[in-house]
Amino acid sequence: MPKQIQLKGRIFLTFNIQAVTGLHIGGSETGIEIGGVDKVVIRDPITNRPYIPGSSLKGKMRSLLEKYRGLSLNRNIGGTAIHSCDQSEEYQQCDICQVFGVPGEMNFATPTRLVVRDVHLTDESARILTEQAHTDLPYTEVKTEVSIDRVTSAANPRRMERVPAGAIFGPAELVYSVYEGKDGYASIADPKKDVERFRALVEGLQLLEDDYLGGSGSRGSGKVRLQGIRVSVRSGEKKYLEAPQKVKEYDDLSALESDLLNLLREVTSVLGLA
Ligand SMILES: [Zn+2]
């Protein structure tokens, strides 16, 4: 019997991301000098505003979760060791590979559960940065960091572009799919387990808040905070064209965490899995 996968529904998690400290998410280092800045931020080519690529957000959460859970970092991609299951049995038990995907699709893999969209600077923050903050560059400040060469003791100043503290990006949108799947008679995706696995995503967000996004985190940059979290669900059971059903709203991540059991119960019910 062939492998069969059915979408049971999707969970949408939206929120704003506030930069609590200056945020540097690196753009392409093309060697073009922009105001004498060594390290520039990534910008939307159309609006010229800095943004947070979904891939940065997703990659950071994954990497923090891999270390939190002590997974084997068995693969090397671009000089960075990452985790990836290479056996079907291991994959069946691995929240991280099921939620975040396996690099280079394996034949045993079911679809990646999580999609993370790019997060743009809010219009309000863009306005404040332009009209009130009068930043060094459009929407950004330039911070000089001095590193000391440990051998020669020579100072090596670097000018780094950051989105100033207080700026708000949003709404971020995380789309989490719930699947049911069979390979012959064996279950390869259980929708109830997918809903339980949503917990891994919440853990990833908490790990992110306690860590940092982008560069120079150990020197203070990149602390972020989630605000205005909204959870809604679109059921796959012949109702996909209906508007997503709003399930819960939370001011911040700690409010969501303390209500997580209720949240997962409601999601299970809306998806018709109870
Ligand atoms: Zn894995």
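The values are calculated or read from the model by the stated rules, or taken from the named source; none is laboratory data. Owing to the predicted nature of the structure, the values given are computational and were not obtained by experimental measurement. We place every Cβ from the backbone using ideal geometry, glycine too, and count neighbours over all the protein chains shown. These accessible areas exclude ligands, DNA and RNA; they are computed on the full protein's heavy atoms, side chains included. Shrake-Rupley method; radii C 1.70, N 1.55, O 1.52, S 1.80 Å.
Against the definition (open to solvent by 10 Å² or more (accessible area, probe 1.4 Å), under 24 Å from residue 52 (Cβ atoms) and within 16 Å of the ligand (Cβ to nearest atom)), how does residue 123 come out, yes or no? In short, no. Within segment 28-45, none of the residues are modelled with pLDDT of 95 or more, of a type in the set (Ser, Thr, Tyr) and open to solvent by 30 Å² or more (accessible area, probe 1.4 Å). Is there a residue being crowded, with 16+ Cβ neighbours inside 10 Å, within 14 Å of the ligand (Cβ to nearest atom), free of Cβ contacts under 8 Å to residues at least 40 places away in the same chain and farther than 30 Å from residue 142 by Cβ anywhere in segment 110-117? So far as segment 110-117 goes, no, none of its residues is crowded, with 16+ Cβ neighbours inside 10 Å, within 14 Å of the ligand (Cβ to nearest atom), free of Cβ contacts under 8 Å to residues at least 40 places away in the same chain and farther than 30 Å from residue 142 by Cβ.
In the set (1) modelled with pLDDT under 95; (2) more than 12 Å from the ligand (Cβ to nearest atom), residue 52 fails one condition alone, (1). Scanning segment 90-107 for residues that are at pLDDT 90 or above and either surrounded by fewer than 18 Cβ atoms within 10 Å (Cβ to Cβ) or of a type in the set (Gly, Ala, Ser) (or both) returns 90, 93, 101. Assessment of segment 204-214 against the conditions (at pLDDT below 95 and open to solvent by 20 Å² or more (accessible area, probe 1.4 Å)) yields at least one matching residue. For segment 240-274, filtering for residues that are open to solvent by less than 90 Å² (accessible area, probe 1.4 Å) and either in a loop (DSSP other than H, G, I, E, B) or not hydroxyl-bearing (Ser, Thr, Tyr) (or both) leaves 21.
Out of the residues in segment 70-89 that are open to solvent by less than 80 Å² (accessible area, probe 1.4 Å) and touching a residue at least 24 places away in the same chain (Cβ under 8 Å), state the one that is farthest from the ligand (Cβ to nearest atom). The residue in question is 75.
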